[in-house]
Amino acid sequence: MSKWIGATILATAVAVMTLGCAQGPSATAVTIGDKTYAVTPASVKVTAGILMGEVTEMKVTERVEQGSGRVVSPAKLTGTLRLKNTSGNQSVRLVAGKILYMDAQGRPIKLEEARSEPVVKFTAYNNERLDPGQDATQSVEVDFPAQALKAKMLKEIRLELAYIPSPYQEQTVNFIVSIGAGK
């Protein structure tokens, strides 16, 4: 009886090794890559009241499954916003910036459902307040409407800046002193 059990185990082991180790067709890995759209021009000068600067390195990127073209991660606009306070006597507290995507008729292009409003928040240390002559740099990464990726759909990008100006003054105070005799 033990011979039969030993033979059965041996036969099972050989079968497992023969059949179990055979490589079947492997599943092909899905490749995901970035699809980048150039924004022309890639940089623009901006002026808003006493703030001057530029938006640079603008591009739109979406993550796409290679082969099928299926969008894995919706499009985002990225770039760098540089602002300078050109006032000689006012500080500026930067609150936020709102981006609007405008079509050829001057109407805003809406974002798809469940996508966040394209807002630039000035929250980094020392980026909120600009004294006269100071500048700040802020990275921009906001949602971009898929509809605006179609040819000739997007005419302009509008940046609405919210800031609070306040008087800036430097004053000198003189006071009379004397030094007493040393002991």
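Shown here for segment 99-166: chymotrypsin sites (Phe, Trp or Tyr not before Pro) in loop regions (DSSP other than H, G, I, E, B) with at most 11 other Cβ atoms within 10 Å, namely Tyr125. Taking amide H positions as modeled 1.01 Å from N, with prolines and chain starts lacking one, no residue 5 or more places away or on another chain lies under 5 Å from Met153. Each residue of segment 141-152 was assigned a 3J(HN,Hα) from its phi angle through the Karplus curve 6.51 cos²θ - 1.76 cosθ + 1.60 (θ = phi - 60°); the sequence is 8, 10, 5, 10, x, 4, 4, 6, 6, 5, 4, 6 Hz, with glycine and proline shown as x. Could you tell me which GluC sites (Glu not before Pro) in segment 87-145 are loop residues by DSSP with no more than 13 other beta carbons within 10 angstrom of their beta carbon? Here the GluC sites (Glu not before Pro) that fit, given the DSSP loop and packing criteria, are Glu112, Glu113.
This model, with +1 at the C-beta of Lys and Arg and -1 at the C-beta of Asp and Glu, gives segment 42-183 a dipole about its Cα centre of some 100 debye. Coupling constants for segment 103-117 follow from the phi torsions by the Karplus curve (6.51 cos²θ - 1.76 cosθ + 1.60, θ = phi - 60°), and in residue order they are 8, 5, 8, x, 9, x, 8, 7, 7, 5, 4, 6, 9, 7, 4 Hz; glycine and proline get x. Distance between the C-alpha centres of segment 74-126 and segment 140-179: 9 Å, rounded to the whole angstrom.
Computed from the coordinates by the stated procedures, all read-outs in this text should not be read as laboratory data. Because the structure is a prediction, the values reported are computed rather than measured. All Cβ positions, even for glycine, are placed from backbone atoms using ideal geometry, and neighbour counts span all protein chains on display.
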